[in-house]
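A short write-up of the structure that comes next.
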Amino acid sequence: EGTEQDFIDAQKTHAWRRYTPASARIIKILTIGLGLGSISIGVVAICANQSLGFAVFEILCGLYLVLARPVLAPLFYKRAYRRYRTEDPQEVVYTITEDSIAYVCPGKSCSVLEWKTIRGMIESRTTILLYVSAAYFLIIPKRALSDGQPAELKTLLQQKDIRYGCPKP
(Lines give C-alpha, C1' and ligand atoms only; values in the text may rest on other atoms or scores of the structure.)
Protein backbone atom coordinates (compact mmCIF):
# COMPACT_ATOMS: atom_id res chain seq x y z
CA GLU A 1 0.00 0.00 0.00
CA GLY A 2 1.25 3.42 -0.87
CA THR A 3 1.59 5.71 2.11
CA GLU A 4 1.49 9.47 2.42
CA GLN A 5 5.26 9.44 2.93
CA ASP A 6 5.78 7.43 -0.28
CA PHE A 7 3.76 10.05 -2.17
CA ILE A 8 5.67 12.94 -0.56
CA ASP A 9 9.05 11.31 -1.28
CA ALA A 10 8.02 10.75 -4.90
CA GLN A 11 6.87 14.37 -5.26
CA LYS A 12 10.17 15.64 -3.80
CA THR A 13 12.12 13.40 -6.17
CA HIS A 14 10.06 14.64 -9.10
CA ALA A 15 10.40 18.29 -8.02
CA TRP A 16 14.22 18.05 -7.86
CA ARG A 17 14.52 15.80 -10.95
CA ARG A 18 16.66 18.22 -12.95
CA TYR A 19 19.41 18.53 -10.38
CA THR A 20 22.22 16.29 -9.28
CA PRO A 21 22.42 15.76 -5.51
CA ALA A 22 25.45 18.07 -5.35
CA SER A 23 23.80 20.90 -7.29
CA ALA A 24 20.57 20.48 -5.29
CA ARG A 25 22.59 20.84 -2.08
CA ILE A 26 24.25 24.01 -3.43
CA ILE A 27 20.86 25.46 -4.42
CA LYS A 28 19.47 24.74 -0.96
CA ILE A 29 22.47 26.36 0.76
CA LEU A 30 22.33 29.42 -1.51
CA THR A 31 18.60 29.82 -0.95
CA ILE A 32 19.02 29.73 2.82
CA GLY A 33 21.95 32.16 2.58
CA LEU A 34 19.95 34.58 0.44
CA GLY A 35 17.04 34.31 2.84
CA LEU A 36 19.17 35.03 5.88
CA GLY A 37 20.82 37.91 4.02
CA SER A 38 17.43 39.37 3.14
CA ILE A 39 16.29 39.10 6.76
CA SER A 40 19.52 40.83 7.86
CA ILE A 41 18.95 43.68 5.39
CA GLY A 42 15.43 44.11 6.75
CA VAL A 43 16.65 44.20 10.34
CA VAL A 44 19.39 46.71 9.45
CA ALA A 45 16.79 48.85 7.64
CA ILE A 46 14.62 48.90 10.78
CA CYS A 47 17.61 49.76 12.99
CA ALA A 48 18.64 52.57 10.62
CA ASN A 49 15.09 54.00 10.64
CA GLN A 50 14.68 53.31 6.93
CA SER A 51 11.35 52.65 5.23
CA LEU A 52 9.32 50.24 7.34
CA GLY A 53 7.59 48.87 4.23
CA PHE A 54 10.95 48.00 2.65
CA ALA A 55 12.17 46.37 5.87
CA VAL A 56 9.04 44.25 6.26
CA PHE A 57 9.23 43.24 2.58
CA GLU A 58 12.89 42.19 2.97
CA ILE A 59 12.16 40.20 6.12
CA LEU A 60 9.14 38.45 4.57
CA CYS A 61 11.12 37.58 1.43
CA GLY A 62 13.90 36.21 3.59
CA LEU A 63 11.53 34.15 5.70
CA TYR A 64 9.97 32.72 2.56
CA LEU A 65 13.37 31.71 1.16
CA VAL A 66 14.40 30.12 4.45
CA LEU A 67 11.10 28.34 5.19
CA ALA A 68 9.74 27.44 1.72
CA ARG A 69 11.52 24.12 1.24
CA PRO A 70 11.56 22.70 4.78
CA VAL A 71 8.14 23.98 5.95
CA LEU A 72 5.88 25.08 3.10
CA ALA A 73 6.75 22.39 0.54
CA PRO A 74 5.77 19.49 2.84
CA LEU A 75 2.46 21.23 3.56
CA PHE A 76 1.77 21.51 -0.17
CA TYR A 77 2.77 17.86 -0.70
CA LYS A 78 0.40 16.74 2.06
CA ARG A 79 -2.40 18.82 0.59
CA ALA A 80 -1.77 17.29 -2.83
CA TYR A 81 -1.82 13.82 -1.26
CA ARG A 82 -5.20 14.49 0.36
CA ARG A 83 -6.57 15.60 -3.01
CA TYR A 84 -4.98 12.63 -4.78
CA ARG A 85 -6.13 10.07 -2.23
CA THR A 86 -9.85 10.64 -1.79
CA GLU A 87 -10.47 7.17 -0.37
CA ASP A 88 -8.74 4.77 1.97
CA PRO A 89 -5.21 3.74 1.02
CA GLN A 90 -5.30 1.20 -1.76
CA GLU A 91 -3.03 -1.65 -2.55
CA VAL A 92 -1.16 -1.50 -5.84
CA VAL A 93 0.36 -4.71 -7.16
CA TYR A 94 3.15 -4.39 -9.71
CA THR A 95 4.08 -7.37 -11.86
CA ILE A 96 7.34 -6.83 -13.69
CA THR A 97 8.26 -9.13 -16.57
CA GLU A 98 10.72 -9.05 -19.46
CA ASP A 99 7.95 -7.69 -21.73
CA SER A 100 5.97 -5.29 -19.58
CA ILE A 101 5.04 -3.87 -16.24
CA ALA A 102 1.49 -4.48 -15.07
CA TYR A 103 -0.12 -2.73 -12.18
CA VAL A 104 -3.38 -3.63 -10.54
CA CYS A 105 -5.40 -1.69 -7.98
CA PRO A 106 -7.76 -4.46 -6.82
CA GLY A 107 -11.37 -3.48 -7.38
CA LYS A 108 -10.35 -0.23 -9.11
CA SER A 109 -8.24 -0.54 -12.24
CA CYS A 110 -5.50 -2.41 -13.96
CA SER A 111 -3.11 -1.69 -16.79
CA VAL A 112 -0.26 -3.31 -18.64
CA LEU A 113 2.48 -1.09 -20.01
CA GLU A 114 5.02 -2.35 -22.49
CA TRP A 115 8.53 -1.20 -21.67
CA LYS A 116 8.57 1.09 -24.70
CA THR A 117 5.94 3.25 -22.97
CA ILE A 118 8.26 3.91 -20.02
CA ARG A 119 10.17 7.01 -21.08
CA GLY A 120 12.47 7.53 -18.12
CA MET A 121 13.26 6.68 -14.53
CA ILE A 122 14.56 8.47 -11.47
CA GLU A 123 15.70 6.87 -8.26
CA SER A 124 15.94 8.40 -4.80
CA ARG A 125 16.85 6.90 -1.45
CA THR A 126 13.25 5.75 -0.90
CA THR A 127 11.50 5.54 -4.28
CA ILE A 128 11.86 4.64 -7.93
CA LEU A 129 9.81 6.69 -10.38
CA LEU A 130 8.99 5.22 -13.79
CA TYR A 131 7.88 7.96 -16.18
CA VAL A 132 5.15 7.39 -18.74
CA SER A 133 5.20 11.11 -19.60
CA ALA A 134 6.84 14.21 -18.18
CA ALA A 135 4.02 14.58 -15.64
CA TYR A 136 2.79 11.00 -15.08
CA PHE A 137 4.88 8.41 -13.30
CA LEU A 138 4.53 5.17 -11.41
CA ILE A 139 5.75 5.27 -7.82
CA ILE A 140 7.58 2.18 -6.63
CA PRO A 141 8.54 2.49 -2.95
CA LYS A 142 11.84 0.75 -2.28
CA ARG A 143 10.50 -0.46 1.07
CA ALA A 144 8.10 -2.68 -0.90
CA LEU A 145 10.98 -4.42 -2.69
CA SER A 146 12.95 -7.29 -1.23
CA ASP A 147 16.74 -7.40 -1.10
CA GLY A 148 18.24 -7.39 -4.57
CA GLN A 149 15.06 -6.39 -6.38
CA PRO A 150 16.04 -2.71 -6.83
CA ALA A 151 19.26 -3.81 -8.55
CA GLU A 152 17.38 -6.34 -10.70
CA LEU A 153 14.89 -3.65 -11.72
CA LYS A 154 17.67 -1.21 -12.63
CA THR A 155 19.38 -3.90 -14.71
CA LEU A 156 16.13 -4.64 -16.52
CA LEU A 157 15.56 -0.94 -17.17
CA GLN A 158 19.07 -0.66 -18.65
CA GLN A 159 18.42 -3.69 -20.86
CA LYS A 160 15.21 -2.05 -22.08
CA ASP A 161 17.16 1.16 -22.83
CA ILE A 162 15.16 3.24 -20.36
CA ARG A 163 17.27 6.26 -19.60
CA TYR A 164 17.79 7.88 -16.25
CA GLY A 165 15.84 11.12 -15.95
CA CYS A 166 12.49 12.68 -16.65
CA PRO A 167 11.35 12.82 -20.30
CA LYS A 168 10.93 16.19 -21.96
CA PRO A 169 7.31 17.36 -22.29
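Here are a few things to note about the model shown:
- Residue match in segment 1-18 (condition: part of a loop (DSSP other than H, G, I, E, B) and touching a Pro at 6+ places or on another chain (Cβ under 6 Å)): yes
- Check on residue 56, of a type in the set (Val, Ile, Thr), surrounded by fewer than 15 Cβ atoms within 10 Å (Cβ to Cβ) and either in a strand (DSSP E or B) or at pLDDT 90 or above (or both): yes
- Any hit, segment 45-52, residues being assigned to a helix (DSSP H, G or I), modelled with pLDDT of 85 or more and either at positive phi or touching a Ser or Thr at 6+ places or on another chain (Cβ under 8 Å) (or both): yes
- All told, residue 80 meets the bar of being closer than 17 Å to residue 137 by Cβ and either touching a residue at least 60 places away in the same chain (Cβ under 8 Å) or open to solvent by less than 70 Å² (accessible area, probe 1.4 Å) (or both).
- Exclusive hit being modelled with pLDDT under 90 and surrounded by 11 or more Cβ atoms within 10 Å (Cβ to Cβ), set 102, 68, 135: 68
- Cβ pairs under 7 Å, 6+ apart, first in segment 118-136 and of a type in the set (Phe, Trp, Tyr), second at pLDDT 90 or above: 131/118; 131/119; 131/120; 131/121; 131/137
- Of the residues 108, 168, 142, 116, the single one that is surrounded by 13 or more Cβ atoms within 10 Å (Cβ to Cβ) and of a type in the set (D, E, K, R) is 142.
- Selection from segment 145-160 of residues that are open to solvent by less than 100 Å² (accessible area, probe 1.4 Å) and of a type in the set (D, E, K, R): 154, 160
- When residues of segment 83-99 are limited to those that are surrounded by fewer than 13 Cβ atoms within 10 Å (Cβ to Cβ) and touching a helix residue (DSSP H, G or I) at 6+ places or on another chain (Cβ under 8 Å), the one modelled with the lowest pLDDT: 84
The values are calculated or read from the model by the stated rules, or taken from the named source; none is laboratory data. Because the structure is a prediction, the values reported are computed rather than measured. No Cβ is skipped: glycine too gets one built from the backbone with ideal geometry, and neighbour counts run over all protein chains shown. We work out accessible area using only protein heavy atoms, side chains counted, and drop any ligands, DNA or RNA first. Shrake-Rupley method; radii C 1.70, N 1.55, O 1.52, S 1.80 Å.
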